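The values are calculated or read from the model by the stated rules, or taken from the named source; none is laboratory data. Since we're looking at a predicted model, the values are computed, not measured. For neighbour counting, all protein chains shown are included, and Cβ atoms are generated from backbone atoms with ideal geometry for every residue, glycine included.
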């Protein structure tokens, strides 16, 4: 028999709620426990079970310590696996549709592994993927789960990932030699485009928007051909495209927040399962 104590799923669910909502009181409302009960659960988790400090407390706000961040990843995986067990054994023929909205860039980078894992666990669930800009997706009411990019201070929903926007160009492309510097960017309803232009104007760099497209694949094709510079999330850069920086005479760009929105009108075991897979997929 193992000498370690067990991690109760109710405690882990409370812990994840605190991490996502930033406080004991709000988490208690979600897991249907009083604030004092939540505090007792976390005290036992920290002092008796793990013997590690998981939270840094600042008044009513709490932040995860480094150990808390490690536990958060495991907790989400444990809860997801428990959900799979119950859904597979209790509802082995779970059938339905889940509608996901996402910008094109996330569909290319993150969805393949997410959908592959989900299909293995729930082969009879139909998945609809709708690719539009974050601004357009925020206006839709017919989606079950929506992945959007948000500016700091305008976050809504569950934080999936924080990433810096970076400059990128083809190998051998020298932006200093191109004036006005040609850009390949998403269409006008992408707020990252405004970030890009503002950063260049602040530094007095002359530029022109030479290419626009709603498709990340199209933008990367243009950039790979050595026709323009683009600005994208760092995790999206690969292949024959290199990341540019201050050494190339370009300003640093802000950090973007990738958020997951759930439609409360269509919440179901199917959407909950898919949300867990999306959360884990973006954390990798």
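Tell me, please, whether a residue that is without any contact (Cβ under 8 Å) to a residue 40 or more places away in the chain and either touching a helix residue (DSSP H, G or I) at 6+ places or on another chain (Cβ under 6 Å) or not in a helix (DSSP H, G or I) (or both) can be found in the stretch 214-221. There is no residue in the stretch 214-221 that is without any contact (Cβ under 8 Å) to a residue 40 or more places away in the chain and either touching a helix residue (DSSP H, G or I) at 6+ places or on another chain (Cβ under 6 Å) or not in a helix (DSSP H, G or I) (or both). Here residue 60 does not qualify as outside the structural domain of residue 270 (by TED's automatic domain parsing) and either modelled with pLDDT of 85 or more or surrounded by 17 or more Cβ atoms within 10 Å (Cβ to Cβ) (or both).
Looking only at residues that are farther than 13 Å from residue 282 by Cβ and part of a loop (DSSP other than H, G, I, E, B) in the stretch 103-127, which one is nearest to the chain's Cα centre (by Cα)? Top of the filtered list is 122. Among the numbered criteria (1) in the same structural domain as residue 121 (by TED's automatic domain parsing); (2) in a loop (DSSP other than H, G, I, E, B); (3) in contact (Cβ under 8 Å) with a residue 12 or more places away in the chain, which single criterion is violated by residue 272? For residue 272, the exception is condition (2). Taken as a whole, the condition of being over 30 Å from residue 71 (Cβ atoms), outside the structural domain of residue 97 (by TED's automatic domain parsing) and in a helix (DSSP H, G or I) does not apply to residue 230. Consider the stretch 116-128 and keep the residues that are surrounded by 14 or more Cβ atoms within 10 Å (Cβ to Cβ) and touching a strand residue (DSSP E or B) at 6+ places or on another chain (Cβ under 6 Å). The one that is farthest from residue 269 (Cα to Cα) is 127.
Give me the residue from the stretch 1-57 that is exposed (fewer than 13 other Cβ atoms within 10 Å of the Cβ) and in a strand (DSSP E or B) and, out of that set, modelled with the highest pLDDT. In this case the residue turns out to be 56. From the list 167, 195, the lone residue that is over 30 Å from residue 81 (Cβ atoms) and assigned to a helix (DSSP H, G or I) is 195. When you scan the stretch 149-156, do you find a residue that is surrounded by 16 or more Cβ atoms within 10 Å (Cβ to Cβ), outside the structural domain of residue 105 (by TED's automatic domain parsing) and outside any loop (DSSP other than H, G, I, E, B), even just one? No: zero hits.
Restricting the first member to the stretch 121-135 and to residues that are over 16 Å from residue 148 (Cα atoms), and the second to residues that are at pLDDT 90 or above and surrounded by 16 or more Cβ atoms within 10 Å (Cβ to Cβ), the beta-carbon pairs closer than 6 Å and six or more apart or on different chains are 127/98; 128/99. Looking at residue 251, is it outside any helix (DSSP H, G or I), outside the structural domain of residue 105 (by TED's automatic domain parsing), over 19 Å from residue 107 (Cβ atoms) and out of contact with any helix residue (DSSP H, G or I) (no Cβ under 8 Å at 6 or more places or on another chain)? No, not satisfied.
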